[in-house]
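Values quoted throughout were computed directly from the atomic coordinates according to the rules given, and no laboratory measurement underlies them. Since we're looking at a predicted model, the values are computed, not measured. Every residue, glycine among them, receives a Cβ derived from its backbone with ideal geometry; neighbour counts consider all protein chains shown.
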């Protein structure tokens, strides 16, 4: 209940403060467990994703944020649960597995922490591990730039990837090598979204230049009559 009340209150203000266009919302399954994997540069990312993407997400947040009982209660109401990112947190792993087994959507940032620039670090294997162990589809997504206030941005969402249905992962031992291989596929899919988006923008720009050039030539020859006519 708290989540939906907060969503109603925050929806319009957040859209004004963080004007983010979403491309590919239709790729997010409406039901069933999924892992939503996205790049992470600011503290605003989970809130923006939570108010723009058509699923209610559970996600990890740094344990110190829960020290204040009031703020911690708000975070829990919004779907967050604590994680100690300085060491392997078994409780956070169990909580994530529990949410996925209950057919919920979990938001995970594959880099494992916020990045200071748009350049991605090597992905951690958390997403791959959860996806392969629970046979959960992963929805790749990427912000095209840092989510700053009052700056237009775009969130690109790709089609779900189901590692457990891929031939290369069938009957494979679930170890570090397997997780690393799946993580490599994920990062390629995330940056494939960005590459395709940039290519489309470049193509549109070329088309605009060509149309502008054609109109200029058309204007020059308007009213022109060949000799002898």
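Using Cα atoms only, what is the angle between the long axis of helix 2-17 and the major principal axis of the chain, expressed in degrees (0 to 90) to the nearest 10? It works out to around 30 degrees. Taking the number of Cβ atoms within 10 Å of each Cβ as an exposure proxy, the fewest-first ranking of 2, 66 is 2, 66. With the helix formula -39500 (n - 2.57) applied to DSSP H stretches of n ≥ 4, the chain reaches a computed 222 nm mean residue ellipticity of -14500 deg cm²/dmol. Compute the angle between helix 90-101 and the longest alpha-carbon principal axis of the chain, please, reported from 0 to 90 degrees and rounded to the nearest 10. For 90-101 against the chain, the angle is about 60 degrees. For the chain, the share of DSSP beta bridges that are antiparallel, to the nearest 5, is 20%.
Pairs of Cα atoms under 8 Å, at least six residues apart: use those to get the relative contact order of the chain, whole percent. Write out the running numbers ahead of the final one.
Working: 324 pairs, mean separation 56.8, N = 229.
It rounds to 25 percent for the chain.
Rounded to the nearest angstrom and listed largest first, the equivalent-ellipsoid semi-axes of the range 1-137 from its Cα gyration tensor are 21, 18, 17. Direction-averaged projected area, Cα convex hull, the chain: 18.7 nm², rounded to one decimal.
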